[in-house]
1. Within region C:45-63, work out how many residues are open to solvent by less than 10 Å² (accessible area, probe 1.4 Å) and either out of contact with any Lys or Arg (no Cβ under 9 Å at 6 or more places or on another chain) or within 14 Å of chain A (Cβ to nearest Cβ) (or both).
2. Looking at region A:133-145, is at least one residue assigned to a strand (DSSP E or B) and more than 14 Å from chain C (Cβ to nearest Cβ)?
3. More than 22 Å from B:ILE28 (Cα to Cα), surrounded by fewer than 18 Cβ atoms within 10 Å (Cβ to Cβ), among the hydrophobic types (A, V, I, L, M, F, W, C) and touching a residue at least 12 places away in the same chain (Cβ under 8 Å), is that true of B:LEU187?
4. Quick one: which of A:LEU669, A:LEU677, A:LEU659 is of a type in the set (A, V, I, L, M), within 14 Å of chain C (Cβ to nearest Cβ) and over 22 Å from A:PRO339 (Cα atoms)?
5. How many residues does region B:20-46 hold that are among the polar types (S, T, N, Q) and within 11 Å of another protein chain (Cβ to nearest Cβ)?
6. Need at least 1 residues that are without any contact (Cβ under 8 Å) to a residue 40 or more places away in the chain, open to solvent by 10 Å² or more (accessible area, probe 1.4 Å) and not hydrophobic (A, V, I, L, M, F, W, C) per element, so show me which strands (runs of 3 or more DSSP E) inside region B:10-128 make the cut, counting only ones lying wholly within it.
7. With respect to the numbered conditions (1) touching a strand residue (DSSP E or B) at 6+ places or on another chain (Cβ under 8 Å); (2) closer than 30 Å to A:GLY33 by Cβ, which one is the sole condition not fulfilled by A:LEU293?
8. Restricting attention to region A:455-490, which residues are out of contact with any strand residue (DSSP E or B) (no Cβ under 6 Å at 6 or more places or on another chain) and either surrounded by fewer than 20 Cβ atoms within 10 Å (Cβ to Cβ) or part of a helix (DSSP H, G or I) (or both)?
Amino acid sequence: MEYSVIGKPVKNVDAWKKAMGIAKFTGDLKIQGMLYGKILRSAYPHARILKIDTIKAKKVLGVKAVVTGKDLPKSLFGTVIKDRPAFVTEKARFMGDEVAGVVAVDKETAEEAIDLIDVEYEELPAVFDPLEAMKKGAVLVHEKLHEYAHVPIITVKKGTNICGHTKLRKGDVEKGFKEADLVVEDTFTAQPIQHCQMEPHSVIAHVDGLRNITIWASTQSAYVTREAIATGLGLPANKVRVIVPYIGGGFGGKYFLKAEAQCVMLSYVVRKPVKLVLTREEVFTATSVRQPLIAEMKTGVNRDGRIVARQCRLIWDTGAYADIGPNISRNAGISAAGPYEIPNVCVDSYTVYTNNPVSGSFRGLGMPQVTFAIESHMDMIAEKIEMDPLEFRLKNVEKEGSIGATGQVLHSVGLKECLQKAAAGGKWIPKKKANKKTGKLTGIGIACVHKTTATPTSSCAFLKLNNDATVEIITSGVDLGQGSNTVVTQIVAEELGISPEQVVVSPPDTLMSPFDLGTISSRLTFHMGNAVKRAAEDARQEILNIASDMLDTNPDELELRDGRVIVKRNPKKGIFLKEMPLGGRYVTGIGHPVLGKGTFCTAREGAVIDLETGQGANASVFWMYGAQAAEVEVDPETGEVKVKKIVAAHDAGKVINPLLLEGQFEGSLVMGLGGTLLEELVWENGRTLNPSFVDYKLPNAVGLPEMVSIFVEEPHREGPYGAKGIGEPLTACIPAAIANAVYDATGIRIENLPITREKILWALKEKEK
Amino acid sequence: MRTFKYFSPKDVKSVCTLLSEHQGEAKIIAGGQSLVILLRQKLIHPTYLIDIKAIEELNYIQYDEKEGLRIGALTTHRTLETSPIVMREFFMLSEMETRLASFQVRNWGTLGGNLCHADFASDLSPTLIALDAEVKLTSLRGERKVKLSAFFKDHYETILRADELLTEIVIPAIPKNSGGVYRKANLIETDQGIAGVATFAVLDSDNKEICEYIRIVLGAVGAFPLKSKRAEELIRGQKVDDAIIEEAAQMSSEDCRPIADIHASEEYKREMIKVLVRKTVKKAISRGKAA
Amino acid sequence: MKMKLKLKVNGAELEAFIEPHTTLQDLLREDLDFTGTKEGCSSGMCGACTVLVDGKAVKSCLIIALQCQGKEITTIEGLARGEQLHPLQTSFIEHGAIQCGFCTPGMVLTAKSWLDENPNPSEEDVRLGISGNLCRCTGYVKIVDAIMATVAKNK
């Protein structure tokens, strides 16, 4: 099917403003009468707050208020579990906990006052190891866990630190293990890392004299933020307005409340707009991090390569508050067995509180960590049964019509093609050799991934057609830079036969733009895309109805092309859109303004999984698949792993914009690289030792591999033009692909991320002995 | 950061006067690429800040075949990096600068600032020490010259007195058959090293196979750059082959004093010193032979 | 105590009275409303605050504004001539080198300053030139492509 705009490398519609530096991010905004906020955070990972002395702070010239939890309405916030106050009153549960806040005329005054607040703490015993936290008699992070309101789809265990337990039961694993030729067991761990969006979290909140609240926030969801604030404060939704200006990256770290509740509370006290911009250190320690994982994998396999049974026990450290933790446990839990046809599967996925920094959604929602475990494990099994790792995977991969671990009949499964293309692109011949000239050890590794999208969710869109044939799309999907605004522009241009330049996308504003769950879970192209497509189709129908009166034909004899309504059989006959009576002036009795409306929702039977078995016939409206091959070169003198080439092949359903999609590939691969070789949040008794770019190493432009992006298209019957999501699984394959390549090169198996030079060097020296 | 009283004196004498007046309460700011971080983190709160960045009389590179190189303390890293004279006559210096921090930092940060900040992992100091550099310290009381190898006392501490300003760096002229190189083991580009080695070798004028003398300076593995004395003595007057290089590398790794941190253990840093000494000695010798 | 600062910003002569500890970044963003210059880390590591001082790329978060007495500052807002974009800006747009856009101003200015001094760089040279600018979105590929394309066009 040839499209005029879909599938074309249309330039990012927001690029011009950003290139000129005139795109306004939240921290760039100034609201009349605006004051500045600053937060004082807990000095201990677990401590009772005995006394907060604010007298000296209040006396500083320019300070308008010094706020503690006692001055505020008793509210608990949280989208999955309502377990978190904006400012703690009784005890602090981690070192990022907000103990007090200052509102002042400028940043500096606020900082000065913060330094003058004296807090008396009583240190409490703390727990930092999730395995310890799960034991009977462990220190409890939330004694009142059972009293918290929470969404019905999760389970919390009273009197423990377990705030999520996802179970998946398919077939009979014990029987499977007994029947299998071989049973292999391995345990893996993934480290906490941070999103490091270049724009730190920023909020401006204005609570007016009547408690109407306006929030400008660097957030991935206007509506989730609105709901969390409104329900936390017991206000009706339409008293809270959330606007999202340009946002400098999200990657999951700006989903759910991060600094918004605190900023709202500061404004609540002074009833003036308050701006709160977090420091980079606060972003590292007090927003969210990627869930550390302990994954125990056990697989029963036959010598012919068939996987018979798989058991996974996943332990996720969600830190001091739940944030999205239980959802990660669930979404990654139901995917934990990997994209393979396995008749017997048992998964127990636990979300555990500790006094560590809070973890939240991070591009891949648990899949990068889980995939590291699954795909390393797959290679280790392949070796034991003396089978090529690629062949072993191909023998077991899911395909169109396979029954997944949740009982869902799978559709749009491009996995086999992804594996074959990734392997071919990388010249799949496991190397296991030393380069005689350079002395470096070279190897190649492969890994594949599947990932769910949050289901059920929904998106809505309005389309406003102006009488000069320009269009405004009104939606709440947040463009984090991935290009969702451009994608919906292309969809509207395609459906209405106009050029992308004639389309403008509104910024998300809950007062004016209709519901969209937000930019998470790689869901926008599919959900927002469908909503916008429906709105465009709706508008198109209206236009054709009006035109049919004007042209004295039936609407189904007409179509939109190149800015005109034309008669299909006689394209010379038609009217220019901009000459149609669509608002303003009506010369005859025909015409009216055209508004398009579209709603797309994936609520359906089987979307909510069973709490005991994890079964759900529609557990995920689409699954995403991909595979990556990595070629590495290991320096035996230093242990340095240099990635020479990555070939990534992912199934997008339908590529709507190849230029933007390639950008997603490249950005994700480098992010994955960082998380595998360079990045690690170092925690010691709840304290982050490296909360800055000096000591938390991010990849820069030097020393990056050659990256090859291969698009696979296995159309999804419900996706706009067959498209589904892609942004997250792109980061998930790298850790295992590299770990497998390192094993190929050196014979060293690293089971704990990150793969550092030291781990490799000492292991190599050990081997030499 | 907290505020301060700000001065921008126009010449060296005015700087020294101010330093003398406000001893202990004043801080000098040159490029500020290290100092501003300390101010922003509130690790220091000087009452007076003396801004010397604009003092043109301290911004120069002068070369004399016999005397060597004289560099004004306010010369930026970038100026040193791109100076045709330095690239031609003291290549290892220019080469080291190309990998020092980032382009932006090199555009504004100064050599004097780097040396006086005395970060134990500086790339500049071991390189200059390997070239036997001296620094000139100026005050109202006069001038004194000190070998850079004796300038550092401890982490972020030098022998600079409270009323003194570092005004010049002097590198003696180097013999023809010599070569040097600085290499570091860093985790990413722009980083200082978790270990660094600057090596400068002078070959025997009659027999290029013999190394007349060598300087091997170890960076980031002590409170300040350390001369690897045993290794230097081992190689002095000897034919340099793989075996002697290996022994020198082993000695260096034993004699350095690295501290473990979150990026690397003490053992790893020692191992990297071994690797870097191996590499730099080989390279310095080969550059000397090619000269 | 406030002190007088006279400098040129984006071609316009300006006079400001500022506290001596004001950074160039705060002067530009807060006092002069040039919010195109970003604040990413306030520790000189991310490069989002990069501006040009007398044509040279520097990190404005690490510079005391008073050091710019009499100097000429160029921020991203001063790069285009009205709506006529600088070739680097056009190249970034055309090559898909801009995603969230937060690193873009610093990245473009650094590239401009680097190319002004290195008009014929290799790809490795360009990567070294922008090694002080972090980007979390693009993986740097299209940024390097955009800069190399500008080099090719300039020839």
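1. So the answer is 13.
2. Checking region A:133-145: not a single residue is assigned to a strand (DSSP E or B) and more than 14 Å from chain C (Cβ to nearest Cβ).
3. yes
4. Sole residue among the options that is of a type in the set (A, V, I, L, M), within 14 Å of chain C (Cβ to nearest Cβ) and over 22 Å from A:PRO339 (Cα atoms): A:LEU659.
5. 3
6. B:26-29, B:61-64
7. Answer for A:LEU293: the failing condition is (2).
8. Those that are out of contact with any strand residue (DSSP E or B) (no Cβ under 6 Å at 6 or more places or on another chain) and either surrounded by fewer than 20 Cβ atoms within 10 Å (Cβ to Cβ) or part of a helix (DSSP H, G or I) (or both): A:PRO456, A:ASN466, A:ASN467, A:ASP468, A:THR470, A:SER484, A:THR486, A:VAL487, A:GLN490.
The values are calculated or read from the model by the stated rules, or taken from the named source; none is laboratory data. Owing to the predicted nature of the structure, the values given are computational and were not obtained by experimental measurement. Positions of Cβ are generated from backbone atoms using ideal geometry, with glycine treated the same way; all protein chains shown enter the neighbour counts. Areas reflect the complete protein model, heavy atoms only, side chains present, ligands, DNA and RNA absent. Shrake-Rupley method; radii C 1.70, N 1.55, O 1.52, S 1.80 Å.
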